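I have placed the structure first, in the form of structure tokens, so that the comments after it can refer back to it.
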There are 2 protein chains.
Amino acid sequence: MIKGVNLGNWLVLEKWMSPELFAGTSAEDESHLCAELSEVAKHERFKVHRDAYITDRDFAYLARRGIELVRIPVPFFIFGGYEPYVGCIEYLDKAFRWAERYKLKILIDLHTVPEGQNGFDNGGICGVCKWHKNPEHVEFALEVLERLTIRYRDRKSFWGIQPLNEPISQELWDLIDLPNRYPSVDKDAAAGSEPVPTEFLKGFYKEAYRRIRAQSDDVTIVFHDGFRIREWIGFFTEPDFRNIVVDTHLYLMMHTMAAGDGDLNDYLRYIENDFESTISEMSRHFPLMVGEWCLNTMSKKDAALTDNERRDYYRRLAAAQLRAWEPAVGWCYWSYKLQVDAPELDTWDMGKTIEQGYLPQDLSNAPEAKHP
Amino acid sequence: MIKGVNLGNWLVLEKWMSPELFAGTSAEDESHLCAELSEVAKHERFKVHRDAYITDRDFAYLARRGIELVRIPVPFFIFGGYEPYVGCIEYLDKAFRWAERYKLKILIDLHTVPEGQNGFDNGGICGVCKWHKNPEHVEFALEVLERLTIRYRDRKSFWGIQPLNEPISQELWDLIDLPNRYPSVDKDAAAGSEPVPTEFLKGFYKEAYRRIRAQSDDVTIVFHDGFRIREWIGFFTEPDFRNIVVDTHLYLMMHTMAAGDGDLNDYLRYIENDFESTISEMSRHFPLMVGEWCLNTMSKKDAALTDNERRDYYRRLAAAQLRAWEPAVGWCYWSYKLQVDAPELDTWDMGKTIEQGYLPQDLSNAPEAKHP
């Protein structure tokens, strides 16, 4: 069981995770932030943020907590030269140095692609989802994956690469009413947006596998399930696919969105009936990882808890989820760090979740790890 | 025994603690950084740095480690309106909110004054030390102290205020050869610089005490010893001074500067013969705090140690110093955090020093605290 954490909001911005980085603009996503800021302001803002948000000392902290893997979301423009964005490959280079120093592994996660694969803010451009309709964009992503593989394939810390984060399904698109939940500010840019079809995704995954595996025999290739995990039964089979992992993201807030604010027992039941059964069933079909999860339920009911009740509440949600992940090959908490002044978001921040005693100080024996 | 840490390099910059904040300039200090950057660049750089460097989650971390007090260096221009500097009072406001949330105390430390009190980079302007020669500057500092006291006097977390950090003595000026160690880039600006005379400092401390105490009956007023601790014997006496603490800064590197790179036993002897005897003798004269100390010796000899030897080395330096501070009323490590990519500076960073196992994970019982 590989215990990991996402270094979210470092190289791919999400406004809700550090709203001050969007100060002085009307932007809701990184694309519009880059478009609105002046050249000088943009370069200052991105450089100072990236220099500060994750450093060597964060890797020291994570290693001490028993974390073994960092999943690092990276943008398609990581190598630079793609206006109006600011490249950031030098920061991924640093992450490899730090990972080697503290003996952590890295999973590179391509979190955005040109013109979007999900329309989320974290896809870089709200309401826009038509990457898959443009073969040049698809080729661009494949070349970035090749270049990343070549750059890091000899590095000891290079554990895996994920060709694409969260390509959205029809079902999720409808459930969250994507165009209204992540409205586009430019109707022309959004025109033609649609979920990523499974047939397209299968073709892309085959091609991504082929291109990455041609550059590295041993890197683990991690495929997000695209919110349609059953579609992959029978797909990722040998000899076509070797050393692959299917990544699924399981958030308690999905229950809240479907059924409203729940009590502790509602979430514990949801973990047992939904998460645990999914993980245990799907793990029989392919190596599975829970690449994103957290303790946050988005329920407003926990605001009424006392400090002690809240600690007990979150410890139980943590223990239940850590148990549910046991049949998987690993998990990554979302996320390591937020930069917000909002206690209701505490449990999205793994560091704070540990320091407040909701997760154990040492996760290396999780789920058996004991609180002091 | 109050256990604390300095939040250095947050609101008062020191280039060696985060060199990238000085990128693209030739500046060695915050004054020249502000003068060299364009308006847009300056505001972006300072805002993003201050938003990122210290946040709520750092207070959560420190509280969990048994830290009770944060000493926060602030600049004389904290209230803004002093070109070319960027004010930062809103960040001190935030620190009070976070301190209250996590039940920490705050010591506000006026770390810089106009035209400098020590000529150090951390005084804000290298090689310039003539604040005390200009009565308007002195009055400016006194008014800032008054305003800070009034602003926070009703806040539960407001433990203390320090009128001036490290006004330099003749002895230290000569020992480190200040004009050559911190060269001024503008000879006219530096002309007339000199150590802060003891007679002046006594007058300033009396006046600062009077002005602060007039605004708050109960805040602790902390006076740096100005690198001349014996001068204060018999000075800070009742009824003229109530609820005061004398602050002394004790760094192992002073031994290295005087005697060259030492072995572990050299530093242990130095701690015993110099630090311990100073603290125990001076504590009989006035309440004393070690407002700055750390494990770093600046000796290059430790580079040859194995990881295990290094851990043992620093644990012994930590234990010996924590024992030496016992007669004092408290201590603050320098500093909480650095933003550098230089392992030789690890032990200046308390977070990293804890995570690497040199300091205990929980300092609340220090020096008796055990490593896990």
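Here, each number is a calculation from the coordinates, and none is a lab measurement. Keep in mind it's a predicted model, so treat the numbers as computed, not measured. Because the Cβ atoms are built from the backbone with ideal geometry, glycine has one as well, and the counts that use them run over all protein chains shown.
Observations on the model:
- Neighbouring partner chain Cβ atoms per residue of B:33-45, average, 10 Å criterion: 3
- Put simply, when B:66-72, A:323-329, A:344-350, A:231-237 are sorted by average Cβ atoms within 10 angstrom per residue, most first, you get B:66-72, A:344-350, A:323-329, A:231-237.
- Diffusion coefficient, µm² s⁻¹, Stokes-Einstein with Kirkwood Rh over alpha-carbon pairs of segment A:77-180 at 10 °C and 1.306 mPa s: 106
- Each residue of segment A:347-361 was assigned a 3J(HN,Hα) from its phi angle through the Karplus expression (A = 6.51, B = -1.76, C = 1.60, θ = phi - 60°), giving 7, 7, 9, 4, x, 5, 5, 5, 5, 8, x, 7, 10, x, 5 Hz with x at Gly and Pro.
- Per residue, the convex hull spanned by the Cα atoms of the protein assembly as shown amounts to 156 cubic angstrom.
- Chain A: translational diffusion in µm²/s, Stokes-Einstein, Kirkwood Rh over Cα pairs, 25 °C, 0.890 mPa s: 117
- 10 °C / 1.306 mPa s Stokes-Einstein diffusion coefficient of segment B:248-312, Kirkwood radius on C-alpha pairs, µm²/s: 123
- Building the convex hull from the alpha-carbon atoms of segment A:1-146 and averaging its projection over directions returns 9.1 nm².
- Each copy carries residue A:230; placing its label point 7 Å along the C-beta direction from Cα gives inter-copy distances of 8.6 nm, listed from smallest up.
- Range of Cα positions in segment B:290-340 per principal axis (Å), largest first: 36, 26, 16
- Cβ neighbours within 10 Å from other chains - mean over B:339-350: 2
- For segment B:228-233, backbone phi angles converted through the Karplus equation (6.51, -1.76, 1.60; θ = phi - 60°) give residue-by-residue couplings of 8, 4, 5, 5, 9, 4 Hz, Gly and Pro being listed as x.
- Packing, taken as the mean count of other beta carbons within 10 Å per residue, orders the peptides A:255-264, A:129-138 from highest to lowest as A:129-138, A:255-264.
- 5 angstrom amide H check on residue A:245, placed H, neighbours 5+ away: A:221, A:222, A:223
- For the residue pairs A:47/B:15; A:352/B:156; B:130/B:187, alpha carbon separations beyond 18 Å are given by A:352/B:156.
- Relative to its residue count, segment A:167-257 spans a Cα convex hull of 130 Å³ per residue.
- Distance between modelled label sites at residue B:89 and residue B:16, nm, 7 Å Cα→Cβ extension: 3.3
- When its C-alpha radius of gyration is set against 2.2 N^0.38 Å (N residues), segment B:50-125 gives a value of 1.20.
- Normalised alpha carbon radius of gyration of segment B:224-372 [divisor 2.2 N^0.38 Å]: 1.09
- Backbone amide hydrogens, once placed in the peptide plane, bring residue A:71 within less than 5 Å of A:5, A:6, A:7, A:107, excluding anything fewer than 5 places away on its chain.
- Here residue B:281 and residue B:181 are evaluated by their C-beta separation; at R0 = 25 Å the FRET efficiency comes out at 0.30.
- Label zone at residue B:134, where the point sits 7 Å out along the Cα-to-Cβ direction: segment B:53-94 residues whose backbone N lies under 19 Å: B:75-87
- For the peptides B:266-279, B:330-343, A:299-312, residues were scored by their other Cβ atoms within 10 Å and the scores averaged per peptide; the highest-first order is B:330-343, B:266-279, A:299-312.
- The sum of -39500 (n - 2.57) across all DSSP H runs of n ≥ 4, divided by the residue count of chain A, sets its helix-only mean residue ellipticity at 222 nm to -11000 deg cm²/dmol.
- Binned Cα-Cα distances of segment A:3-42, short to long, each 10 Å bin given as a whole percent: 29, 51, 14, 6, 0
- Between copies, the label points at residue B:100 (set 7 angstrom from Cα along Cα-to-Cβ) are spaced 4.8 nm, reported in nanometres from shortest to longest.
- Site pair residue B:235 and residue B:217 shows an inter-label distance of 2.8 nm when each label is modelled 7 Å from Cα along Cα→Cβ.
- For residue A:124, distant residues with modelled amide H under 5 Å away: A:30
- Between copies, the label points at residue A:89 (set 7 angstrom from Cα along Cα-to-Cβ) are spaced 4.8 nm, reported in nanometres from shortest to longest.
- Couplings 3J(HN,Hα) for segment A:297-304, derived from phi with the Karplus relation 6.51 cos²θ - 1.76 cosθ + 1.60 (θ = phi - 60°), are 9, 6, 6, 7, 5, 6, 4, 7 Hz, where x marks Gly and Pro.
- Within chain B, the selection of entire DSSP H helices by a Cα span of 24 Å or greater along the long axis and an average Kyte-Doolittle value of at least -0.5 returns B:135-152.
- Shielding score for A:260-270, defined as the mean number of other chain Cβ atoms within 10 Å: 0
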